[in-house]
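These notes concern the structure reproduced below.
The values are calculated or read from the model by the stated rules, or taken from the named source; none is laboratory data. Predicted model only: the values in this text are computed from it and were never measured. Cβ atoms come from the backbone with ideal geometry, glycine included; neighbour counts cover every protein chain shown. Remember, those area values only see protein heavy atoms, side chains included, never the ligands or the DNA or RNA. Shrake-Rupley method; radii C 1.70, N 1.55, O 1.52, S 1.80 Å.
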Amino acid sequence: WAEKGEPAVLCFVQCSLLIRSEGENNSLLLVFMECKSKEAEIKRINKELANIRSKFKGDKALDGYSKKKYVCKLLFIFLLGHDIDFGHMEAVNLLSSNKYTEKQIGYLFISVLVNSNSELIRLINNAIKNDLSSRNPTFMCLALHCIANVGSREMAEAFASEIPRILVAGDTMDSVKQSAALCLLRLYKTSPDLVLMGEWTSRVVHLLNDQHMGVVTAAISLITCLSQKNPDEFKTCVSLAVSRLSRIVSSASTDLQDYTYYFVPAPWLSCKLLRLLQCYPPPEDGAVKGRLVECLETILNKAQEPPKSKKVQHSNAKNAILFEAISLIIHYDSEPNLLVRACNQLGQFLQHRETNLRYLALESMCTLASSEFSHEAVKTHIETVINALKTERDVSVRQRAADLLYAMCDRSNAKQIVAEMLSYLETADYSIREEMVLKVAILAEKYAVDYSWYVDTILNLIRIAGDYVSEEVWYRVIQIVINRDDVQGYAAKTVFEALQAPACHENMVKVGGYILGEFGNLIAGDPRSSPLVQFNLLHSKFHLCSVPTRALLLSAYIKFINLFPETKATIQEVLRCDSQIRNSDVELQQRAVEYLKLSSIASTDVLATVLEEMPPFPERESSILAKLKKKKGPGAVSVTELEDSKREGGELNGGSDRGPDTAAMASTPSPSADLLGIRSAPPVGAASTSAGSLLVDVFSEAGPTIPPAAVNDDGFLRFVCKNNGVLFENQLLQIGIKSEYRQNLGRMYLFYGNKTSVQFANFTTTDVLMVLDNCLQLNVQTKPVEPLVEGGAQIQQVLNIECLTDFSDAPLLNIKFRYGGALQNLTLKLPVTINKFFQPTEMSSHDFFQRWKQLSQPQQEAQKIFKANHGMDTEVLKAKLLGLGTALLDNVDPNPENYVCAGVIQTKSQQVGCLLRLEPNAQAQVAHTAHSKVTIYFQHLGPQCRTLVGICALLSLSKVYFCFRHTKMHFL
């Protein structure tokens, strides 16, 4: 009640009971219940209100019992839905009574009817202070409940410093501690700036060790809320929470009898403890972390045990703890065994008879699919998820199934998943069709190794759900067809065949008009698709289309005149007819007149120049992905879910099957093209300083220049071998990252999520580049970011990166914004390391060792030997080596336990070949990375050599489980 601040239902019940307990008042309740109409009830209530008013204004002073009786009647009438404009002073007078029932009614009346801006607040505060200092636990609880229910700023100012003292006092009763904790939580939610824990912090945290479970349950709600806003101050709660959780999990149902719910010990407290731990990263203390892992394993083990009761309450409590534990495992994303076990447990729920469990399992597995450790385990349930998509009755469950298919998709199953989603689209609910269309379009583009398959998929998508195919989808297919020479002829042929259907969606006509207008000449050699046949086919759809589509078709017609001069007379006749040059629509009329005149007076050369083939589109962020984000809404999903953090070609940077990662990375006509638009603008800092920059901006809202914050590199090491995930997170801000690299170019997406309900103002980011010997090492172009970030919203920033020469220091990003008037300053180390620009290289055993022996100069070699931090698991080793960006070469080293890799570091100025040998020593838990060798025409590559060895050391800290010596060489 106090935590939620909504006492109305409880008041109604209490007032009803009090009225029923009075002999004379029982008739009043019966009268209200027996009224035949609304008018009769209002008449009876007005009569009763007049009687109460006369009693309050009478000459005879009322005793406490009568005053309580009439105040209770007023409260009851108010709860029936009628306005009360008197009796407030009488309720305040009841607060000074020494009788519990009178004081209770007074506090109930104030909690429900008194406005936080009332003039009586001061009198109420004085009465509350008296009760808090009375040391009577019953009166103290009533006062604390009232503070929590009113929750005004005036009350926070009056009692914010007093309540923590009551909470931690040694002589305070347990019931009062519970009320004090929840009351303080309420005040903190309404006025966080007034509730300053300060000296009370450590004592409040130690309430987790209290012997009374009720106190712990109330205190953990408070500590969780405080930890979300001030995690550093309350980080000591992690070890205490793990200790308390361990005691609960390992206890039997008989050990905590008062807090056992259907054979489940303290389920609410267990859930809150697990939720609290999700506010922090994994514990650094090995003993605490080991104990927590044991707790999570115990919870997963108990989920496999036969139920101790068949009642639904038992399964609900048990599953609530299980899902919170799985959420914590997903949050840590550092224990492969737990992640796989959690996935398997969720897989069992996918076929459970309870709809809610199936929904929650699908939702949790969507998050698990983004982890490199559990992605493969999630994929094993693909048939079950597809079946759920087809057979589930609840539309929300079907939507979660579609989300999971989208999350688990990679190159190995993309065609199967896209085919199933297309099949489902024909019968899908209208409410989710648009989102399904966007997801199919994104997956088809992202994993299109064969772009003829992509064209077929999009055209099939338009055929099945044309009404839900937005402009972004058909714009995108046209961009890709124009940018890829190898698919243009196939696209023209396919769209020509699709247009021959009797019923053809208008979006299909748009795609057909555009593609045939550009590339119709590629299929004109076939008599079945001759120029005149193509024109007649398009024009047969003309009268059925809307004005924008007709305008597009007119543009296609004039393109036909350039491609096929033999169609000129026919098309001019169409343009010359009255329905075109006298069309009531200005756009159509203007196009018809101008195209007719252009085709009549322009020479062949001029016409060819004006109507030449469209140039390739510059690649930017996929507009379809942006549309999907907008569809989801701000804050609806996490960063990793929005950016579909896929490992294939992304999470393990430089994997061996590097194929075309995405259309954005593969849609260029030549290798020398500017893949990411980096060269289209000058490097940062290249522009000359304007005169205006020499003036002091005295009107700037940012105030004085703030010194850069200390560099935060907590999440840096986790991204040495992966490209996607959460880079930084605190109580205010979450920063997610998704990056992709090709040769010496890279693109990084940063996602800034506002975790609060308050707007971030003046949000700015500034990149800090490294300069060595007056030479810029990286060219980083930062796209501007939105200056306002609404509460719960997320914005995106794109960084284009070009590696100019070798580097050892990562670039820094400074972030500034105002939160609640205070300027926040944060500097992050961006996870851009030299290995991101690796190009995997395959070679035979003979070539490898021949080149290895040729490179024998001291500066061409680097070696590192040290003890492995963890057990050297084969699959983890391979995953990390692939994540490093090199190609893992099989059957090269004579020793089968050794690992051999090769790659080329791509920079703008040079290419550096690298050879690597990893020699694990299982007995000594030591691995060698052997013989780093480099040769490039007398150029000294010492800095690169040291950089790669430095990355090796980073990897050992990033749970790579090994260290290694590096080799480098230049392939001539």
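Among VAL449, VAL473, VAL509, which is assigned to a helix (DSSP H, G or I), more than 19 Å from ALA551 (Cβ to Cβ), in contact (Cβ under 8 Å) with a residue 12 or more places away in the chain and not polar (S, T, N, Q)?
On the way: VAL449 fails: assigned to a helix (DSSP H, G or I); VAL509 fails: more than 19 Å from ALA551 (Cβ to Cβ).
When all the criteria are applied, what remains is VAL473.
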Restricting to region 899-918, and then to whatever is polar (S, T, N, Q) and part of a strand (DSSP E or B), can you tell me which residue is least open to solvent (accessible area, probe 1.4 Å)? GLN906
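I'm checking my understanding of the structure. Among residues of region 712-758 that are small (Gly, Ala, Ser) and not in a strand (DSSP E or B), which one is most open to solvent (accessible area, probe 1.4 Å)?
Going through region 712-758, the residues small (Gly, Ala, Ser) turn out to be 715, 725, 736, 739, 746, 753, 757.
Cutting the leftovers down to not in a strand (DSSP E or B) gives us 715, 757.
Working: GLY715: 4, SER757: 111 Å².
Result: SER757.
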Quick one: count up the residues across region 320-357 that are open to solvent by 30 Å² or more (accessible area, probe 1.4 Å) and either in the same structural domain as PHE719 (by the TED database) or free of Cβ contacts under 8 Å to residues at least 40 places away in the same chain (or both). 9
When you go through LYS4, LYS69 one by one, which is the residue that is at pLDDT 85 or above and not β-branched (Val, Ile, Thr)? LYS69
Just one listed residue, out of LEU389, LEU362, is in contact (Cβ under 8 Å) with a residue 40 or more places away in the chain, part of a helix (DSSP H, G or I) and either open to solvent by less than 10 Å² (accessible area, probe 1.4 Å) or in contact with a Pro (Cβ under 7 Å, 6 or more places away or on another chain) (or both), and it is LEU362
Number of the exception - SER270 against (1) open to solvent by less than 10 Å² (accessible area, probe 1.4 Å); (2) part of a helix (DSSP H, G or I); (3) within 30 Å of ALA158 (Cβ to Cβ): (3)
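Conditions tested, residue by residue: (1) open to solvent by less than 30 Å² (accessible area, probe 1.4 Å); (2) touching a Leu at 6+ places or on another chain (Cβ under 8 Å); (3) touching a residue at least 40 places away in the same chain (Cβ under 8 Å); (4) more than 18 Å from GLY753 (Cβ to Cβ).
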site	(1), (2), (3), (4)
GLN796	no, yes, yes, no
GLU802	yes, yes, yes, yes
ASP809	no, no, no, yes
LEU812	no, yes, yes, yes
ILE815	yes, yes, yes, no
LEU828	yes, yes, yes, no
GLN854	no, no, yes, yes
Considering (1) farther than 19 Å from GLN488 by Cβ; (2) surrounded by 15 or more Cβ atoms within 10 Å (Cβ to Cβ); (3) of a type in the set (A, V, I, L, M), say which one VAL586 fails and leave the rest. (2)
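Could you count how many residues in region 95-123 are in a helix (DSSP H, G or I) and closer than 18 Å to CYS72 by Cβ? Reasoning before the result, please.
We begin by selecting, within region 95-123, every residue in a helix (DSSP H, G or I); these are 100-113, 121-123.
Cutting the leftovers down to closer than 18 Å to CYS72 by Cβ gives us 100-113.
Residues in region 95-123 being in a helix (DSSP H, G or I) and closer than 18 Å to CYS72 by Cβ: 14 in total.
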So, in region 476-493, how many residues would count as being assigned to a helix (DSSP H, G or I) and open to solvent by 20 Å² or more (accessible area, probe 1.4 Å)? 6
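Filter region 249-263 down to the residues that are polar (S, T, N, Q) and open to solvent by 70 Å² or more (accessible area, probe 1.4 Å), then identify the one that is modelled with the lowest pLDDT. Outline the logic, then answer.
Filtering region 249-263 down to residues polar (S, T, N, Q) leaves 250-251, 253-254, 257, 260.
If we keep only those that are open to solvent by 70 Å² or more (accessible area, probe 1.4 Å) as well, we get 250, 254, 257.
Numbers: SER250: 87, THR254: 67, GLN257: 73.
By that ranking, first place goes to THR254.
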Go through the residues of region 91-109 one by one and say whether even a single one is aliphatic (A, V, I, L, M), farther than 22 Å from SER54 by Cα, open to solvent by less than 20 Å² (accessible area, probe 1.4 Å) and touching a residue at least 40 places away in the same chain (Cβ under 8 Å). yes
For region 414-456: of the residues being of a type in the set (Val, Ile, Thr) and open to solvent by 10 Å² or more (accessible area, probe 1.4 Å), which is farthest from GLY512 (Cα to Cα)? THR427
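Those residues that are of a type in the set (Gly, Ala, Ser), in contact (Cβ under 8 Å) with a residue 40 or more places away in the chain and either not in a helix (DSSP H, G or I) or not assigned by the TED database to the domain that holds LEU461 (or both), I need them from region 512-542; list them, please. Steps first, answer last, please.
Step one: list which residues in region 512-542 are of a type in the set (Gly, Ala, Ser), which gives 512-513, 517, 520, 524-525, 529-530, 540.
If we keep only those that are in contact (Cβ under 8 Å) with a residue 40 or more places away in the chain too, we end up with 513, 517, 520, 524.
Correct list: ALA524 only.
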Restricting attention to region 55-73, and to residues there that are outside any helix (DSSP H, G or I) and charged (D, E, K, R), which single residue is nearest to ALA91 (Cα to Cα)? ASP63
When the residues of region 207-248 are filtered to those that are within 32 Å of the chain's Cα centre (by Cα) and not in a helix (DSSP H, G or I), which remaining residue is surrounded by the most Cβ atoms within 10 Å (Cβ to Cβ)? PHE234
Between a first residue in region 149-161 that is touching a residue at least 40 places away in the same chain (Cβ under 8 Å) and a second residue that is outside any helix (DSSP H, G or I) and crowded, with 19+ Cβ neighbours inside 10 Å, which pairs have beta carbons less than 7 Å apart while being 6 or more apart in sequence or on different chains? ASN149/ALA2; ASN149/PRO7; VAL150/VAL114
Please find, within region 57-90, the residue that is nearest to ASN125 (Cα to Cα) out of those that are surrounded by fewer than 10 Cβ atoms within 10 Å (Cβ to Cβ) and within 51 Å of the chain's Cα centre (by Cα). ASP85
